[in-house]
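Beneath this line is the structure, given in structure tokens, with notes to follow.
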């Protein structure tokens, strides 16, 4: 039941972000699918298997690879799938908590949380670079043939 | 080397490339993608060695290293992925040789004049729905779905409204976040909803600068340090204004 709810909400959230960013109507389903896949990977990895930083890296990698293939398949810019797919992984909750502790003068916790937010943002960065790596490998391999 | 096209044609090619780049950059495309598209289009029209340099606030383009330099200033950057996809398909057709210079120019002008695909009320409704969904994704309960739905919709509506009134986008985001904070606090205070944190986090998600973060990273990776850094700063400023707007309510209670 919880998993069904997660699947449904992450799909709606990702394709909803597609609408907020005015993505083309025909790409909305794929946006939702990419976002849902990334979020479900993250959901299964944390906290059972690993910490949230490596889980974010893997989920972002998965999102970037999926968006790369979606972009190739449907002949639209990769940015459309990337953005809506990555949104669920953005550490909005943690950033909010960090800000809240700053306001409440609890600086120790606030700095601790801010560092975690920075690490997570870095994780997203590494994951997103992954699609570029794959693209370059594919381009090099196809050129050599 | 034979001159493929005359200087008058060259000026028209420049015009087409500039308008394509302008639309893409205004709609929120990555700068390396903008430059790549402009160069491809110029190449397809027979301009060898075209030079383009795009930053988030302007584009430089010339048909050759020693040719006249053209410049266009980008001041407003509303996100519109639909237009990026449209320009992308036009540039594909140009590269495939299916579009002439005149038709390409007409198509691009049509794309530039197009209004947003989705109406504002629909976007506000979707923002509200997304807010509710994020509560469930962040392990919240269904009781908090409706408070987050209303607070998120209100916050997004205020942000869009303020964005039309104010020149500074960060202020619009600040007020949107402030409305979310106040409404979420009032909901919880009067027993409508359980966890304040979950409601606020869910409701604030539609304002998160996801586009700027991804673009900053992709630009940096492509070696566009200037636009990568400036977009990163834009994302940080947005995050700060949202955080400040949300936290303001905690200063009073």
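The values are calculated or read from the model by the stated rules, or taken from the named source; none is laboratory data. Given the structure is predicted, the values throughout are model-derived calculations rather than measurements. Note that each Cβ is placed from the backbone with ideal geometry, even for glycine, and that neighbours are counted across all protein chains shown.
Across the range B:43-52, the number of residues qualifying as without any contact (Cβ under 8 Å) to a residue 24 or more places away in the chain and either surrounded by 17 or more Cβ atoms within 10 Å (Cβ to Cβ) or within 22 Å of residue B:232 (Cβ to Cβ) (or both) comes to 1.
Which one is nearest to the other protein chains (Cβ to nearest Cβ) among residues in the range B:70-95 that are exposed (fewer than 15 other Cβ atoms within 10 Å of the Cβ) and at pLDDT below 90? Selected residue: B:78. Can you tell me which residues in the range A:119-145 are within 14 Å of chain B (Cβ to nearest Cβ) and loosely packed, with under 13 Cβ neighbours inside 10 Å? Correct list: A:136, A:139. For the range A:74-87, state whether one or more residues are more than 9 Å from chain B (Cβ to nearest Cβ) and surrounded by fewer than 22 Cβ atoms within 10 Å (Cβ to Cβ). Within the range A:74-87, one or more residues are more than 9 Å from chain B (Cβ to nearest Cβ) and surrounded by fewer than 22 Cβ atoms within 10 Å (Cβ to Cβ).
For residues that are over 14 Å from the mean Cα position of the chain (by Cα) and touching a residue at least 24 places away in the same chain (Cβ under 8 Å), scanning just the range A:4-25, find the one that is nearest to residue B:134 (Cα to Cα). Reasoning before the result, please.
Residues of the range A:4-25 that are over 14 Å from the mean Cα position of the chain (by Cα), as a first pass: A:4-9, A:12, A:16, A:19-25.
Keeping just the survivors that are touching a residue at least 24 places away in the same chain (Cβ under 8 Å) gives A:6-7, A:21, A:23-24.
Working: A:6: 9, A:7: 12, A:21: 17, A:23: 20, A:24: 23 Å.
Among residues in the range A:4-25 that are over 14 Å from the mean Cα position of the chain (by Cα) and touching a residue at least 24 places away in the same chain (Cβ under 8 Å), the one nearest to residue B:134 (Cα to Cα) is A:6.
Listed here are the residues, each with its yes/no results for (1) touching a residue at least 40 places away in the same chain (Cβ under 8 Å); (2) part of a loop (DSSP other than H, G, I, E, B).
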position	(1), (2)
B:38	no, no
B:41	yes, no
B:54	yes, no
B:60	no, no
B:67	yes, yes
B:76	yes, yes
B:84	yes, no
B:92	no, no
B:98	no, yes
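Take the conditions (1) more than 16 Å from residue A:10 (Cβ to Cβ); (2) within 10 Å of the chain's Cα centre (by Cα); residue A:42 misses just one of them, which is (1).
Assess whether residue B:63 counts as being more than 30 Å from residue B:160 (Cβ to Cβ), away from chain A (no Cβ under 14 Å), at pLDDT below 90 and crowded, with 22+ Cβ neighbours inside 10 Å. Answer is yes for this residue.
Scanning the range A:94-112 for residues that are crowded, with 20+ Cβ neighbours inside 10 Å and over 20 Å from residue B:253 (Cβ atoms) gives a single hit, A:95. Kindly indicate whether residue B:235 is touching a helix residue (DSSP H, G or I) at 6+ places or on another chain (Cβ under 6 Å), over 16 Å from residue A:97 (Cβ atoms), at pLDDT 85 or above and surrounded by 19 or more Cβ atoms within 10 Å (Cβ to Cβ). Considered against the rule, which asks whether it is touching a helix residue (DSSP H, G or I) at 6+ places or on another chain (Cβ under 6 Å), over 16 Å from residue A:97 (Cβ atoms), at pLDDT 85 or above and surrounded by 19 or more Cβ atoms within 10 Å (Cβ to Cβ), residue B:235 comes out as yes. Scanning the range B:187-229 for residues that are more than 7 Å from chain A (Cβ to nearest Cβ) and touching a residue at least 60 places away in the same chain (Cβ under 8 Å) yields B:198, B:199, B:202, B:203, B:215, B:219, B:222, B:223, B:224, B:226, B:227.
Is it true that residue B:132 is farther than 22 Å from residue B:234 by Cβ, touching a helix residue (DSSP H, G or I) at 6+ places or on another chain (Cβ under 9 Å) and at pLDDT 90 or above? Steps first, answer last, please.
Details: farther than 22 Å from residue B:234 by Cβ: yes; touching a helix residue (DSSP H, G or I) at 6+ places or on another chain (Cβ under 9 Å): yes; at pLDDT 90 or above: yes.
Judged against the criteria, residue B:132 is a match.
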